[in-house]
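Participant: I have a structure here, written as structure tokens, and I will follow up with some questions on it.
The values are calculated or read from the model by the stated rules, or taken from the named source; none is laboratory data. Treat the numbers as computed from the prediction; the structure is a model and nothing was measured. Cβ: placed from backbone, ideal geometry, glycine included. Neighbour counts: every protein chain shown. Accessible surface areas use protein heavy atoms only, side chains included; no ligands, DNA or RNA. Shrake-Rupley method; radii C 1.70, N 1.55, O 1.52, S 1.80 Å.
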Amino acid sequence: GVAPNVRGALPLYKSPFAMRPHYNDSWLKVVLQKNLEAEKEFEAEMGIEVDDSLVASSASGLEVALRLLNIISANAKEQDNPIYLPMKDNEAVQCHFLETKEAFSIVPNEDRPQAPQATW
């Protein structure tokens, strides 16, 4: 599994994900490759097939990547390769704790506080 490698680090979530804040399309190939590696590991270890079109589009938007994360998170016992979440500016994620499981979704625009404008 993914273990923190910093002395004193505590994981916030059990789900295997990494965020790419301030995501832009120049990272698409790298994020897609990382998500393909995560899919391959999951399918080999769990014997559960993941829809290839879901994985193929996971680098193009946060909502799709979260659907992929939710599938893997709900079923994986140990997952070394995380799902990369392509977070563009002004996007937010919320985690729902359901007994021992985690489920992730996008925070709708109307529920997000507006960031103050920089004044420097």
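Participant: For a quick check of your reading of the model, give me the residue pairs whose first member lies in the stretch 74-97 and is free of Cβ contacts under 8 Å to residues at least 24 places away in the same chain, whose second is outside any loop (DSSP other than H, G, I, E, B) and open to solvent by less than 60 Å² (accessible area, probe 1.4 Å), with beta-carbon atoms closer than 8 Å and at least 6 apart or on different chains.
Facilitator: Pairs that qualify, where the first residue is free of Cβ contacts under 8 Å to residues at least 24 places away in the same chain and the partner is outside any loop (DSSP other than H, G, I, E, B) and open to solvent by less than 60 Å² (accessible area, probe 1.4 Å), are 92/106; 94/104; 94/105; 94/106; 96/102; 96/103; 96/104; 96/105.
Participant: Might you let me know whether the stretch 104-120 holds any residue that is open to solvent by 30 Å² or more (accessible area, probe 1.4 Å), among the aromatic types (Phe, Trp, Tyr) and touching a strand residue (DSSP E or B) at 6+ places or on another chain (Cβ under 8 Å)? Reasoning before the result, please.
Facilitator: So the first thing to find is which residues in the stretch 104-120 are open to solvent by 30 Å² or more (accessible area, probe 1.4 Å), and the list is 105-106, 108-120.
If we keep only those that are among the aromatic types (Phe, Trp, Tyr) as well, we get 120.
So of that shortlist, the ones also touching a strand residue (DSSP E or B) at 6+ places or on another chain (Cβ under 8 Å) come out as none.
No: zero hits.
Participant: Let me ask something else. For the stretch 59-100, give me each residue that is assigned to a strand (DSSP E or B) and not polar (S, T, N, Q).
Facilitator: Correct list: 83, 84, 85, 86, 93, 95, 96, 97, 98.
Participant: I'd like to verify a number: residues in the stretch 58-88 that are farther than 13 Å from residue 36 by Cα and either among the hydroxyl-bearing types (Ser, Thr, Tyr) or in contact with a Cys (Cβ under 9 Å, 6 or more places away or on another chain) (or both), how many?
Facilitator: Adding up the residues that qualify gives 2.
Participant: List the pairs whose first member sits in the stretch 3-26 and is closer than 20 Å to residue 78 by Cβ and at pLDDT 70 or above, whose second member is open to solvent by 90 Å² or more (accessible area, probe 1.4 Å) and part of a loop (DSSP other than H, G, I, E, B), and whose Cβ atoms are under 8 Å apart, counting only residues at least 6 apart or on separate chains?
Facilitator: Correct list of pairs: 16/2.
Participant: Taking the residues in the stretch 29-68 that are of a type in the set (A, V, I, L, M), out of contact with any helix residue (DSSP H, G or I) (no Cβ under 8 Å at 6 or more places or on another chain) and open to solvent by 60 Å² or more (accessible area, probe 1.4 Å) as candidates, determine which candidate is modelled with the lowest pLDDT.
Facilitator: By that ranking, first place goes to 30.
Participant: Mind checking which residues of the stretch 69-103 are of a type in the set (Ser, Thr, Tyr) and buried (at least 17 other Cβ atoms within 10 Å of the Cβ)?
Facilitator: If the condition is that a residue be of a type in the set (Ser, Thr, Tyr) and buried (at least 17 other Cβ atoms within 10 Å of the Cβ), then 73, 84 are the ones that fit.
Participant: Related question: Under the condition of being among the acidic types (Asp, Glu) and out of contact with any Lys or Arg (no Cβ under 9 Å at 6 or more places or on another chain), which residue from the stretch 70-102 is modelled with the lowest pLDDT?
Facilitator: Within the stretch 70-102, the match that is modelled with the lowest pLDDT is 89.
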